[in-house]
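Step one of this worksheet: look at the structure below.
The values are calculated or read from the model by the stated rules, or taken from the named source; none is laboratory data. Here the structure is a predicted model, which means the values were calculated and not measured. Heads up, the Cβs are rebuilt from the backbone with ideal geometry, glycines too, and the neighbour counts pull from every protein chain shown. What goes into the accessible areas is simple: the full protein's heavy atoms, side chains included, and nothing from ligands, DNA or RNA. Shrake-Rupley method; radii C 1.70, N 1.55, O 1.52, S 1.80 Å.
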Amino acid sequence: MSINVLYLAHDLADAAIRRRVLTLKAGGADVTVAGFTRGRNLLEGEPGVRTIVLGETSDGKFAQRIGAIVKASAGLKSRLAGIDRPDVVIARNLETLALAGQAARLFDRNLPIVYECLDIHRLLLDEGWKGRLVRAFQRHFGRRAQLLITSSPAFVENFFQPKSGLSLPVLLLENKVLALDPDSLPLQPTPRAPKAGEPWRIGWFGAIRCAKSLAILTDFARRMDGKVEIVLRGRPAYSEFTDFDRIVADAPHVTFHGSYQNPEDLARIYDEVQFNWAIDFFEEGLNSEWLLPNRLYEGGLYGAVPIALKSTETGRFLAHRQIGVTVDKATPEALEALFSQMTPEIYAEQFARIASVERGQWITGPADCRALVAKLASLKPDLRSPAEMQAASTMQS
């Protein structure tokens, strides 16, 4: 099935954006991506994908991002001139949802719009006037959407149903590893207990944005005095740290190896660690409690034993499957107690549990790609008048 998709991306440097675009392509869609940059455009040079840069935004600078949206809105018609008429517009995150209706109207005001939201920003949960205003914007711009794509059932249960004011069908797409050739993957991961005298290695890979996790892990590594090594890879959100590079450079038994390509490098980097840090405090008590992170699925596929908080959705995910290590509190002391008792035998049992999980739990394969595109193709034109859309938005609020 072939459809044309206009994908509005909040961050062209986000590996998850590239993964979604490749998923759509593998499902039979022709994809044009229009989005903002916060670093290197990971889709630049991707065969068969046209990328249009709408502007530049910055992590943690909400006012600057609003200004970039306003500026992009003013020039959207010229930026999108000449692209094929899309069959559907997908808006990733609230900032591009603000552009989705305008983008659709350039081709056909009845085009179906899909809202893809895989993180709940703290402002959406604020109980003060700022939060009410942002939620009002979401309701306003989301009134044209026909489908919500999200990655965790806890997002729906804790935000979208009770607080968002949106009433949309939900498509749950977990942050699984894109595997377009599943037969090329190993049937099972290989255990890799450290040799005598070598440390246990904990990997923290992907979007590195949690200052509290970094503080916990550096303190823990210092306490273990060479018995545990922390391996960092990915894309640090420098705005969230006082001085990420200095903290890592000064921390004993902590190393940062830069970015990697996803999914191409996953097997190599996860094979170098025994454990997978699946704890996040970036939106502590809120988004961090509800998310199911990319690294959960990546580590699961390649046999890295996850470490998670019991009280979170990730902890419940692991407990339901009886895999991984869960802790009541993520403190240096708790981790020290855990790893002071770690033995090759305990690790082997934990590894065997995660290796026994059916591989489909961790991957998005070709059939899943086709199912996603078929779902998008089934969406019908929205024939409501602007007045009817506004009335619906008012009722939802």
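The table for this structure:
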item: Degrees, to the nearest 10: 93-105 long Cα axis against longest axis of the chain; result: 30
item: Distance histogram in 10 Å bins (all Cα pairs of the chain, percent per bin); result: 5, 22, 32, 25, 13, 4, 0, 0
item: All aspartates and glutamates inside 17 Å of residue 329 as judged from Cα atoms, apart from same-chain residues fewer than 8 positions distant; result: 219, 280, 283, 284, 289, 313
item: Solvent-accessible surface (1.4 angstrom probe) belonging to residue 163, in square angstrom, nearest 10; result: 90
item: Area of residue 370 that stays accessible when all protein chains are in place (1.4 Å probe, Å², to 10); result: 130
item: Computed magnitude of the charge dipole of the stretch 162-244 (debye, nearest 20; Cβ of K, R +1, Cβ of D, E -1); result: 200
item: Student exercise, the stretch 49-183 dipole from Lys, Arg, Asp, Glu Cβ charges, in Debye to nearest 20; result: 800
item: Ranking by accessible area, most exposed first, for 78, 378 with a 1.4 Å probe; result: 78, 378
item: Solvent-accessible ranking of 52, 247, largest area first, probe 1.4 Å; result: 247, 52
item: Inter-part distance where the stretch 101-142 and the stretch 52-68 are each reduced to a Cα centre, Å; result: 16
item: Expected-Rg normalisation [2.2 N^0.38 Å, Cα atoms] applied to the stretch 182-279; result: 1.13
item: 24 Å Cα-Cα threshold exceeded, pairs from 61/310; 212/310; 77/176; result: 61/310; 77/176
item: Residue among 22, 48, 37 farthest towards the positive dipole end of the stretch 1-156, charges placed on Cβ; result: 37
item: Point-charge dipole on Cβ atoms (K/R +1, D/E -1) for the chain, about Cα centre, debye to 20; result: 1280
item: Added length on full extension, which subtracts the Cα-Cα distance from 0.36 nm per residue, residue 243 to residue 346; result: 33.4 nm
item: Nonlocal amide H pairs with residue 55, under 5 Å, H built at 1.01 Å; result: 37
item: Pair-distance profile P(r), taking every C-alpha pair of the stretch 124-216, with 10 angstrom steps and integer %; result: 12, 24, 28, 20, 13, 4, 0
item: Virtual paramagnetic centre 7 Å along Cα→Cβ of residue 370, amide N under 12 Å, in the stretch 177-197; result: none
item: Cα-based radius of gyration of the stretch 247-329 once divided by 2.2 N^0.38 Å, which approximates compact folds; result: 1.15
item: Crossing angle, helix 366-377 versus the chain [Cα axis fit, 0-90 degrees, rounded to tens]; result: 30
item: With all protein chains modelled, accessible area of residue 333 [1.4 Å, Å²]; result: 90
item: For the stretch 196-339, alpha-carbon Rg over 2.2 N^0.38 Å; result: 0.97
item: FRET efficiency, residue 157 to residue 338 (Cβ-Cβ, R0 30 Å, nearest 0.05); result: 0.50
